[in-house]
Amino acid sequence: MRLRSAWVTACSAATLALAGCGGGGERLPVVTGLRLALLADRVAGGVDCGRPLVAETIQAVNRGEVPVALQERLLSDANRIAATCSPVAARRLAARLRP
């Protein structure tokens, strides 16, 4: 039973579905995740500071590609990356977004 509790905690900490844990339609579409991961990679590589990442994240939300349960965390992460130009945060987000 401990292993199951650890799994639930791990999935919860990862926001349940950016990486695909859990079901119920709370998954980010693979193409959307990859597109956003590529933009996060650009920040990690010093190409830009994240404005395109924020813009594309907002567009993906507006197109209905991001489940409601994931929107707040994803938008918050994208905005934080753009505000700080943090390559470390950008790499973490990119890794979470990839399937």
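Bear in mind these aren't lab numbers, they're just calculated from the coordinates by the rules spelled out. Predicted model, so just to flag it, every value in this text is computed and none were measured. Neighbour counts are summed over all protein chains in view; Cβ atoms, including those assigned to glycine, are modelled from backbone coordinates with ideal geometry.
Taking segment 70-85 as the range and being under 19 Å from Val31 (Cβ atoms), touching a residue at least 24 places away in the same chain (Cβ under 8 Å) and out of contact with any Gly (no Cβ under 8 Å at 6 or more places or on another chain) as the test, the residues that pass are Leu70, Leu74. When each of Arg27, Arg96 is tested for being basic (Lys, Arg), assigned to a loop (DSSP other than H, G, I, E, B) and within 12 Å of the chain's Cα centre (by Cα), the lone residue that passes is Arg27.
Among residues of segment 56-69 being assigned to a helix (DSSP H, G or I) and touching a residue at least 12 places away in the same chain (Cβ under 8 Å), the one that is surrounded by the most Cβ atoms within 10 Å (Cβ to Cβ) is Thr57. What about Val47, is it free of Cβ contacts under 8 Å to residues at least 12 places away in the same chain and either under 13 Å from the mean Cα position of the chain (by Cα) or closer than 14 Å to Ser86 by Cα (or both)? For Val47, the condition - free of Cβ contacts under 8 Å to residues at least 12 places away in the same chain and either under 13 Å from the mean Cα position of the chain (by Cα) or closer than 14 Å to Ser86 by Cα (or both) - is met.
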